[in-house]
1. Can you tell me the accessible area per residue over the chain, all protein chains present, probe 1.4 angstrom, in square angstrom?
2. How much of the accessible area of the chain, probe 1.4 Å, is carbon plus sulfur, in whole percent?
3. Report, ordered by chain and residue number, the aspartates and glutamates lying within cross-link reach of residue 105, taken as a straight Cα distance under 16 Å and ignoring same-chain residues fewer than 8 apart.
4. Based on the Kirkwood radius over alpha-carbon pairs, what value in µm²/s does the Stokes-Einstein equation return for the translational diffusion coefficient of region 16-137 at 4 °C and 1.567 mPa s?
5. From the helices alone, meaning DSSP H stretches of at least four residues, give me the mean residue ellipticity at 222 nm for the chain, per-run term -39500 (n - 2.57), in deg cm²/dmol to the nearest 500.
6. I want the local charge near residue 85. Using Cβ-Cβ distances under 9 Å, sum +1 for each Lys or Arg and -1 for each Asp or Glu among the other residues.
7. Could you calculate the FRET efficiency of residue 91 with residue 38 from 1/(1 + (r/R0)^6), where r is the beta carbon distance between them and R0 is 45 Å, rounded to 0.05?
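The values are calculated or read from the model by the stated rules, or taken from the named source; none is laboratory data. Because the structure is predicted, anything quoted here is derived from the model rather than measured. All Cβ positions, even for glycine, are placed from backbone atoms using ideal geometry, and neighbour counts span all protein chains on display. Surface accessibility is based on the protein's heavy atoms, side chains included, excluding ligands, DNA and RNA. Shrake-Rupley method; radii C 1.70, N 1.55, O 1.52, S 1.80 Å.
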Amino acid sequence: MNDIIQIGPLNLYIPLLFYIGGIILSGIIGDLVFNRKSTQSIDKKPGDVIFEYWFVLIVIWKLSYLFKHPADLIENPITIIYFDGGILGILFGIIALLLYSIRQKRYFRISYQWQIAWWLLGIIIMLSIEQMISLIYGFSFIVVFEVMIYLGAIVIYFFNSNPLTWFQLLGASRWGAINWVLFRVLDKSSDILIFEVMMFLAIAVLTYIVEWIIDGRHKRGALRK
């Protein structure tokens, strides 16, 4: 299937439209979840914060391409639109997001717990979008089921009636990581990288360790009382 829509002189890349839709959707859902589960007040709208996250990440990811190819900026500045910094650029973007999150906490009273929740929502939504895009090139029941799993995680962990907790965030992280690895094995992805598999498995293991530590502290606190 053709992944480009031509409207007059414009050529619209369909996957790009999906990603833009994912960014908008993450802002809307983040707003809904905060209004449903939070009792605290913050000085910014959750949707605005989430859009700012995406802006910072994408800009740093794109600009980091120039670290490896600075000559391209002089010869043809428009290349920044078509190229990015790859995995290194994403790492730079994550560092920028961490610094930006500290600023949100300091100046707008947004807790780290909620900021991580919005990050996680965005990641799960983008994992879903990425698999939806693959359906453009061929239908697969495995892909459809994977998207349903991700959407189910959002409903179960973020749209329940309980207040947001670290256990919910850890559980959602583990759910997303394990399912990503599982479905890459099931659909026999040829482009999967060992680094990506190890990273997602490490996230799953790390969530168990952190959950065990938090649970242990709660139990020790209860015994002291």
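1. 62
2. C and S atoms contribute 71 percent here.
3. Residue 105 reaches 43, 48, 52.
4. Answer, rounded: 83 µm²/s.
5. Taken over the chain, the calculation gives -25500 deg cm²/dmol.
6. +1
7. With R0 = 45 Å, the Cβ-Cβ based efficiency is 0.90.
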